[in-house]
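**Student:** For reference, the structure I am asking about is given below.
The values are calculated or read from the model by the stated rules, or taken from the named source; none is laboratory data. What you see is a predicted model, and the numbers here were worked out from it, not measured in a lab. Every residue, glycine as well, gets a Cβ built from its backbone with ideal geometry; the counts of neighbours run over all protein chains shown.
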Amino acid sequence: MKLSDLLDEAVKRAHTEIKSRAEEQGENAFLQDEAEQLDAANRLGIAAVRYFDMNRNRKSPYVFSYERMLDPKGNSAVYMFYAYARISRILEKAGIDMASIDVNEFKISHNAERELALKIVQFPDVIDAILDDLQLHQLTDYLWELCNTYTSFNRDCKVIGSPEMKSRLLLCEATRKVLLKSFFLLGFEPLERM
């Protein structure tokens, strides 16, 4: 199988999934327009293949699977894109210019906030480790941990309308920036909405 065929198939499967979700969500779907769906499928399908490939330790056996590549709940680009889109949506709903929030507003009052903050500050160490041994899967492993930590934070800590909103928005923005920088390093263009 040629690389172009593999990418085309991933894009086709991503498009089928996006179309199916849009039909399920009806008028509430973010990607209703066919052109938007195709653009999203192209970005997602290609990112899914690249992420899956980079997620493997180069010394480990390689088992190809479209299902694992496009798994929205597994260690995949799809999961990372959903986390990024979720954060973007929260920041959009908050309607606050992030630059206007004083960093002194940042306070940790919940264990999930602490766990997320600790995971965010590990990013430079992960990059240093990759530069030392050229094991790129360390970045995908870190992103998987970061997104799971963010998901726990999102589940346990209300952001919009909470007394801690500004502090939690700062955590969301820091997570978004780490994801965006990581996507850039991996060659992905994220989706703001999914």
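**Student:** Out of all the residues in segment 41-73, which are aliphatic (A, V, I, L, M) and modelled with pLDDT of 75 or more?
**Tutor:** Once the filter is applied, which keeps residues that are aliphatic (A, V, I, L, M) and modelled with pLDDT of 75 or more, segment 41-73 yields ALA41, LEU44, ILE46, ALA47, ALA48, VAL49, MET54.
**Student:** Which is closer than 24 Å to PHE52 by Cβ and of a type in the set (Lys, Arg), of ARG168, ARG89, ARG155, ARG176?
**Tutor:** ARG176
**Student:** Okay, moving on. Residues being exposed (fewer than 13 other Cβ atoms within 10 Å of the Cβ) and under 20 Å from GLU92 (Cα atoms): count how many of those fall in segment 120-155.
**Tutor:** Residues meeting the conditions: 1.
**Student:** Please work out which residue is surrounded by the most Cβ atoms within 10 Å (Cβ to Cβ), limiting yourself to segment 25-40 and to residues that are modelled with pLDDT under 70 and outside any loop (DSSP other than H, G, I, E, B).
**Tutor:** For segment 25-40, the residue satisfying everything is GLN25.
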